[in-house]
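The values are calculated or read from the model by the stated rules, or taken from the named source; none is laboratory data. Keep in mind the model is a prediction, meaning the values are calculated, not measured. All Cβ positions, glycine included, derive from the backbone under ideal geometry; neighbour counts span all protein chains shown.
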């Protein structure tokens, strides 16, 4: 379980590695390659991963969290999330529980789906393609459009409801999981878990 400064401050100078030394083994190569003073650069990346991926982060539910974290926390215009995709994968695998990983994946799916559906008018028009996947063009040089229907959007909205129900199940599982864990990811005693 990640240890965070209490209270949390928007301060990248607090070393992720000092608060969470066990993760040095997991991210050994990344940690070793960091030549910055006090390993500040890699520490900042790790805090950024926490802010982006961990459900207890205040930024977790933000739609534009990557840009927000980059601007307000990392404070480096040259910072690029895609340079740290391998770190993100390991972070998810080593830090997040299965329920937390599922929740994150569902959050991202729902966010992308909402964005896609909002950008649609009320129709799912698309361009016709041939057997090679190339757009079909008329004699006048225009793409051939296949008109979408309102029924397509209605079906998409119904599927969204099903997705949300699945998401709710994962969220409930995560909440139940949290009730079973105590500080340091240790199981709660019967009295702490309100079983006695």
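If you check 41, 33 for being free of Cβ contacts under 8 Å to residues at least 12 places away in the same chain and closer than 21 Å to residue 3 by Cα, only one passes: 41. Would you check if residue 59 is over 11 Å from the mean Cα position of the chain (by Cα), surrounded by 10 or more Cβ atoms within 10 Å (Cβ to Cβ) and either free of Cβ contacts under 8 Å to residues at least 12 places away in the same chain or under 21 Å from residue 159 (Cα atoms) (or both)? No: the conditions fail for residue 59.
For a quick check of your reading: which helices (runs of 4 or more DSSP H) sit entirely within the range 3-108 and have at least 2 residues that are touching a helix residue (DSSP H, G or I) at 6+ places or on another chain (Cβ under 8 Å) and within 26 Å of residue 178 (Cα to Cα)? Please lay out each step first, then the result.
Working: elements: 16-19, 23-26, 28-33, 40-53, 65-69, 85-95.
Per the criteria, 16-19, 23-26, 40-53, 65-69, 85-95.
Screening residue 124 on (1) modelled with pLDDT of 65 or more; (2) surrounded by 13 or more Cβ atoms within 10 Å (Cβ to Cβ); (3) under 30 Å from residue 65 (Cα atoms) shows it passes everything except condition (1).
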